[in-house]
Structures are given as structure tokens and as C-alpha cells.
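For reference, the structure is listed below as C-alpha cells.
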Amino acid sequence: MEDYRLITAFEKSPVIQVHHALGGRGKQEDRYLITSLENGLLLVIADGHSGGKVASFVANNTAALFTQERERIIRKTDLRFTKGAHPAIERKVIKNTISKLIELTCSETSGSTITLAFIQYLERQSDYKKIVRCHVGQMGDSVFAMSKRPGSVATMPIHSVKTNIKDVEKIRKLYEEETGNICRVNGNYIFSGIQGSGIA
């Protein structure tokens, strides 16, 4: 296994652009977050629907929840896996952060998607090669598009009922088995929640 050292500052900062449109709604319900954390750069898209309350909650609270979860997981993990921000740790942090956001918003009447990326700047210990590693988690149809060089673009898949009809029942069943919570379909969304939408 390669060993990487975290570098806290980017030699060359990534260029980040955000596009959101009002569409047919009376006011903007979407939110985003771009913030530097001690160990990387955190990007969040929260595409609100039926109001902006949950999207605002996501934008205002994800950085703190992510940081708390990361510190908690690293404290419990064998230290040899933490030197280079092991991908398994980052995946677990993202999954747990999104789960916590679901738990905190499940009774809301508005809803939001969430797409989260944690970008790290690393140095490989064997040859000091600098690399950028991006860890991504997504619930919903809000996507990131990334490019390493002009002309190359990678996008995330769009998760929605419309684009994944054949997977709807499988997703609902898996979610209910893993969490014990209800998972419903409403229009174009699969959502969790007792009364409202929460994170869809």
C-alpha cells in the first residue's frame, strides 16, 4: 500500500465554479458551500425543494458535522491508516455525515439533495509526487463535473427516480433494511423522513 503525507495547502488552488438557476420557483431554494478544512477542501451542493430550509441547514452545518465525524473516526482507527488520509476513512466520514444530515432533517417539510466532495492535496512518500485526491458522496440528482485538464470532464451519475426507475424498489428496500426507516417515492424523488422530505 502506498503511503501518502497530507499537505495542508494547495500549490495551485483548484478553480471552482457554481451554477444554479431559479427555474419556475419564486425564490432560490438551492445552497452551496465551499470551505477549507484543516485536511482539505470541502464542497457541498444542496438542491432545495419545497422550500430552502433543509438546503440552508445542509450548507450551514455540513462542515462542522464532517469535521466532528472525521475526528471521531480517526481516533477509533489504527494510526497507520491515517497518515495519508486513507480512502476508506474518507468514504466512512462522508457516509456518516450524510446519514447524520438525514437524521437531523427527516421531520422537515422541505427537502434537499446533497452532493459532497472532499478534496485533498497529498505527497507520495516513495517519490514525493504530488497528487490531488477527491472523495465524493451523493444523494440526489445534483452533480459535480471535474476536469484535470482542458477538454477532459468527468461528471457524477444523476440519481433520481426518472433516471433509475429499475433501481427504485431495490434502493428503497436496501435503505429500509440498513436504517430501519421508511423510504418513500414522491414524484421524481425517493426520500426518507417521517413527515417530510429531509435529504432526498
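If you take every residue apart from Val185 with its C-beta less than 15 Å away from the C-beta of Val185, what net charge results, scoring Lys and Arg +1 and Asp and Glu -1? Can you show the working numbers first?
Values: positive: Lys162, Lys166, Lys170, Arg172, Lys173, Arg184; negative: Asp141, Asp167, Glu169, Glu176.
Taking every other residue near Val185 into account, the sum is +2.
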Determine, for each peptide in 15-28, 161-174, 136-149, the mean count of other beta carbons within 10 angstrom over its residues, then list the peptides with the highest first.
-> 136-149, 161-174, 15-28
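Return one whole number: the accessible area per residue of the stretch 35-144 in Å², for a 1.4 Å probe.
Values: 4990 Å² over 110 residues.
Roughly 45 Å² per residue, with all protein chains present.
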Which of the peptides 34-41, 95-102, 121-128 is most tightly packed, and how do the rest follow, going by the mean number of other Cβ atoms within 10 Å of each residue?
-> 95-102, 34-41, 121-128
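Run the dipole for the stretch 42-167 about the Cα centre, Lys and Arg Cβ at +1, Asp and Glu Cβ at -1, nothing else charged, and hand back the magnitude in debye, nearest 20.
On the way: 19 positive and 11 negative charges, 111 e Å.
That gives a dipole near 540 debye.
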Around Gly51, what is the net charge, scoring Lys/Arg as +1 and Asp/Glu as -1 over all other residues with Cβ under 11 Å from its Cβ?
-> +1
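Can you give me the % of accessible surface on the stretch 25-173 that is carbon or sulfur? Probe 1.4 Å, all protein chains present, nothing else counted. Walk me through the numbers before you get to the answer.
Values: 4360 of 8200 Å².
In the stretch 25-173, the share of accessible area belonging to carbon and sulfur is 53 percent.
Going through the cross-link list Lys95/Lys162; Lys53/Lys148; Lys100/Lys170; Lys76/Lys166; Lys92/Lys166, which pairs have a Cα-Cα distance over 32 Å in this structure?
Details: Lys95/Lys162 24 Å; Lys53/Lys148 34 Å; Lys100/Lys170 22 Å; Lys76/Lys166 38 Å; Lys92/Lys166 27 Å.
Over 32 Å apart, Cα to Cα: Lys53/Lys148; Lys76/Lys166.
The values are calculated or read from the model by the stated rules, or taken from the named source; none is laboratory data. Worth saying up front: this structure is predicted, and the values here are computed from it rather than measured. Quick reminder, even Gly has a Cβ in these numbers, built from the backbone with ideal geometry, and neighbours come from all protein chains shown. Just so you know, the surface numbers come from the protein's heavy atoms only, side chains and all, with ligands and any DNA or RNA stripped out. Shrake-Rupley method; radii C 1.70, N 1.55, O 1.52, S 1.80 Å.
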